[in-house]
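The structure appears right after this line, and notes come after that.
Please treat every number below as a calculation from the coordinates, not as lab data. Predicted, not measured: the structure shown is a model, and the values here were computed from it. Cβ placement follows ideal geometry from the backbone for every residue including glycine, while neighbour counts extend to all protein chains displayed.
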Amino acid sequence: MEPNGEEGFVVKVGGEVAGYVTPDADHPGLWVTEDLDRRLMGRVYDPEKGAEFLAARFVSGDDA
């Protein structure tokens, strides 16, 4: 996870962007996980867990 200049993070795997984790403006305390195309993947309480999910999804090649 790397800060992305906003309040959130860019999730990278081997230098490639796997997705984004940003604070949820509508639900304080939650974080939004989005894939590379900014499609909503879900919400989490812990941004590191969201990053782990995005990284695992990226590595698995699951882009359905």
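Can you check what the Kirkwood hydrodynamic radius comes to for the chain, Cα pairs only, in Å to one decimal?
Answer for the chain: a Kirkwood hydrodynamic radius of 11.4 Å.
For the range 1-49, which GluC sites (Glu not before Pro) are both in a DSSP coil and crowded by at most 11 other Cβ atoms within 10 Å?
Within the range 1-49, the qualifying GluC sites (Glu not before Pro) (loop, at most 11 other Cβ atoms within 10 Å) are Glu6, Glu7.
For the range 29-64, state which chymotrypsin sites (Phe, Trp or Tyr not before Pro) are in a DSSP loop and have at most 14 other beta carbons lying within 10 Å of their beta carbon.
In loop regions of the range 29-64 (DSSP not H, G, I, E or B), the sparsely surrounded chymotrypsin sites (Phe, Trp or Tyr not before Pro) are Tyr45.
Please identify the longest segment of the chain free of exposed trypsin sites (Lys or Arg not before Pro), where exposed means a DSSP state other than H, G, I, E or B and no more than 13 other Cβ atoms within 10 Å.
Counting at most 13 other Cβ atoms within 10 Å as exposed, the longest clean stretch of the chain is 1-37.
Under the Karplus relation 6.51 cos²θ - 1.76 cosθ + 1.60, θ = phi - 60°, what is the ordered set of whole-Hz ³J(HN,Hα) values for the range 36-49, x standing for Gly and Pro?
Ordered by residue, 3J(HN,Hα) equals 4, 8, 6, 7, 5, 9, x, 10, 9, 7, 10, x, 5, 5 Hz.
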